[in-house]
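Novice: Take a look at the following structure, please.
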Amino acid sequence: MSALLAPRRSLAIATPAPVEKPVRVCFMIDRLSRAGTETQLLALIRELDRSRVQPSLVLLDGEDDLSRTLEPEDCPVIRLGVRRLMSLTAARAVSQLRAFWREHQPDVLQAYFLDAAYFGVPLAKLSGVKRVVRVRNNLGYWVNSKHRVLGRCVRPFVDATLTNTATGKQALVEKEQHASERVVVLENGVDIAMFNRFMFPDTSKPRVRVGCVANLRPVKNIDGLMLAAKAALERFPKMVFEVAGDGEQRAELERLHTVLGLGERFKLRGSVSDIAGFLRTVDIAVLPSHSEGMSNSLLEYMASGRAVIATDVGANAQLVRHGKDGLIVPASNPEAIADAIEKLIENPMRAAAYGASARRRAEAEYSRDAMRRRFEDFYRSITNN
């Protein structure tokens with residue numbers, strides 16, 4: 001048979017796979033600052049793959065200079081200037097926010113903190129936003145009867161509550177009666193690259209530096225760290241303690257500092273913008289908190305390869321495996337912190353091994369890239385349901 005008379009073969013035409021549109025996510029928070037939650041939010045907005053997720057940002061207030069300075073450049077932002085929910089400004093802001101949403105057409109609203117949630121969550125549902133998500137990343141130590149009532153009022157408008165630890169989910173389910181299937185754990189991440197080229201801690205030096213990164217608030221237990229320092233300095237007088245952070249408790253802590261006679265051996269450094277630079281000077285990093293969710297400071301300690309001591313609250317023992325990545329001590333026990341410092345000083349090789357193990361763990365499980373993928377997958381999943 002000639003080639004001209006041969007039967008034709010059917011040609012299969014490949015159909016291109018449909019291109020998924022990016023999910024449009026609007027984040028809402030009171031204002032921006034350098035505190036932990038705000039830092040994680042800004043990092044998430046910065047890291048998101050714009051082909052998968054397109055962000056926008058609503059600031060309930062956001063008019064102060066610091067908040068303006070921190071606004072992301074490649075993300076639409078609106079400032080509503082609302083400082084009190086029961087005000088004419090808040091009433092006027094309703095139409096501003098609805099106009100912003102009409103322009104950017106978000107598929108998801110993700111609300112942080114109390115006022116942003118109370119204002120934005122019901123309004124989003126009433127404005128036709130497909131999915132509404134509320135973030136609760138602490139263990140609710142601040143929750144009182146007023147906020148329990150308000151929380152129950154907004155809960156019917158919430159499709160999912162995000163928290164960053166299994167402990168946080170357990171608290172929401174058991175203490176506030178959230179439905180377990182509506183609480184999703186998405187863990188924080190840390191910018192590993194900021195902490196590259198760090199030397200591991202050397203606790204055999206004549207002068208050992210103990211550092212802490214924390215806001216000066218009662219829940220962070222800096223007064224307990226001062227008591228631990230007093231005990232530790234009696235055993236190792238050449239140590240130096242430094243705290244990077246500021247806050248409402250500063251005056252009270254300065255008075256305690258004087259009473260304990262800590263002098264130059266314990267320094268309240270105030271706000272420190274270069275946390276990586278601060279941790280580079282530290283041999284032992286301590287987190288003495290009474291309560292935590294997933295601590296950003298602890299993730300930074302791990303990424304910097306410091307020898308870590310942390311109290312047994314929140315996700316601390318999940319992040320830092322006791323005897324592998326650092327030491328976990330009972331909460332509200334200054335003597336236990338002092339004893340742990342002594343153990344690290346007396347065994348510098350073990351301290352260095354803890355730091356190296358913590359660094360590897362942060363790289364493998366808690367990088368910003370891993371965090372980004374967790375959130376992107378979540379947004380795709382919740383909008384497809």
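The values are calculated or read from the model by the stated rules, or taken from the named source; none is laboratory data. Just so it is clear, the model here is predicted, and its values are computed rather than measured. Glycine also receives a Cβ, built like all others from the backbone with ideal geometry; neighbour counts cover every protein chain displayed.
Novice: For region 306-315, enumerate the residues that are modelled with pLDDT of 95 or more and farther than 11 Å from Cys212 by Cα.
Specialist: Thr311, Asp312 - these are the residues of region 306-315 that are modelled with pLDDT of 95 or more and farther than 11 Å from Cys212 by Cα.
Novice: Inspect all residues belonging to region 158-165 and state whether any of them is farther than 20 Å from Ser289 by Cβ and without any contact (Cβ under 8 Å) to a residue 24 or more places away in the chain.
Specialist: No: region 158-165 contains no residue that is farther than 20 Å from Ser289 by Cβ and without any contact (Cβ under 8 Å) to a residue 24 or more places away in the chain.
Novice: How about region 229-266: which of its residues are more than 18 Å from Arg217 (Cα to Cα) and outside any helix (DSSP H, G or I)?
Specialist: Residues satisfying the conditions are Phe236, Pro237, Lys238, Met239, Val240, Gly261, Leu262.
Novice: Another question, then. Name the single residue that is farthest from Leu268 (Cα to Cα) among those in region 190-213 being at pLDDT below 95 and buried (at least 21 other Cβ atoms within 10 Å of the Cβ).
Specialist: Val190
Novice: Hey, among Lys324, Lys267, Lys238, Lys230, which residue is among the charged types (D, E, K, R) and at pLDDT below 95?
Specialist: Going through Lys324, Lys267, Lys238, Lys230 in turn, just one is among the charged types (D, E, K, R) and at pLDDT below 95: Lys238.
Novice: So which residues in region 279-303 are in contact with a Pro (Cβ under 9 Å, 6 or more places away or on another chain) and under 26 Å from Thr163 (Cβ atoms), if there are any at all?
Specialist: Within region 279-303, Ala285, Pro288, His290 meet the criteria.
Novice: Still on this structure, I have one more. Can you find a residue that is charged (D, E, K, R) and either assigned to a helix (DSSP H, G or I) or within 20 Å of Ala315 (Cβ to Cβ) (or both) anywhere in region 192-205?
Specialist: For region 192-205, residues charged (D, E, K, R) and either assigned to a helix (DSSP H, G or I) or within 20 Å of Ala315 (Cβ to Cβ) (or both): absent.
Novice: Scan region 99-157 for residues that are modelled with pLDDT of 85 or more and β-branched (Val, Ile, Thr) and jot them down.
Specialist: Val108, Val121, Val129, Val132, Val133, Val135, Val154
Novice: Sticking with this structure for a sec: Would you be able to tell me the number of residues in region 255-270 that are surrounded by 12 or more Cβ atoms within 10 Å (Cβ to Cβ) and either among the polar types (S, T, N, Q) or more than 21 Å from Glu342 (Cα to Cα) (or both)?
Specialist: The number of residues fulfilling the criteria is 5.
Novice: Just give me the residues in region 1-42 being modelled with pLDDT of 95 or more and under 25 Å from Ile275 (Cα atoms), in sequence order.
Specialist: Ile29, Asp30, Arg31, Leu32, Leu41, Leu42
Novice: Another one. Within region 110-133, take every residue that is of a type in the set (Gly, Ala, Ser) and either more than 25 Å from the chain's Cα centre (by Cα) or at positive phi (or both) and give me the one that is surrounded by the fewest Cβ atoms within 10 Å (Cβ to Cβ).
Specialist: Gly128
Novice: Of all residues in region 267-278, how many are assigned to a loop (DSSP other than H, G, I, E, B) and touching a residue at least 60 places away in the same chain (Cβ under 8 Å)?
Specialist: 2
Novice: Turning to a different aspect of this structure: Across region 52-66, which residue is farthest from Arg92 (Cα to Cα) among those that are charged (D, E, K, R) and in contact (Cβ under 8 Å) with a residue 12 or more places away in the chain?
Specialist: Looking at residues that are charged (D, E, K, R) and in contact (Cβ under 8 Å) with a residue 12 or more places away in the chain, I get Arg52.
Novice: If Gly211 passes every condition in (1) assigned to a strand (DSSP E or B); (2) farther than 16 Å from Val282 by Cβ but one, which one does it miss?
Specialist: Of the numbered conditions (1) assigned to a strand (DSSP E or B); (2) farther than 16 Å from Val282 by Cβ, the odd one out for Gly211 is (2).
Novice: Checking His257 against (1) over 20 Å from Leu66 (Cβ atoms); (2) out of contact with any Phe, Trp or Tyr (no Cβ under 9 Å at 6 or more places or on another chain); (3) not β-branched (Val, Ile, Thr), only one condition comes out false. Which one?
Specialist: Tallying (1) over 20 Å from Leu66 (Cβ atoms); (2) out of contact with any Phe, Trp or Tyr (no Cβ under 9 Å at 6 or more places or on another chain); (3) not β-branched (Val, Ile, Thr), His257 fails exactly one: (2).
Novice: So is Leu319 modelled with pLDDT of 95 or more, assigned by TED's automatic domain parsing to the domain that holds Ala231 and under 22 Å from the mean Cα position of the chain (by Cα) or not?
Specialist: no
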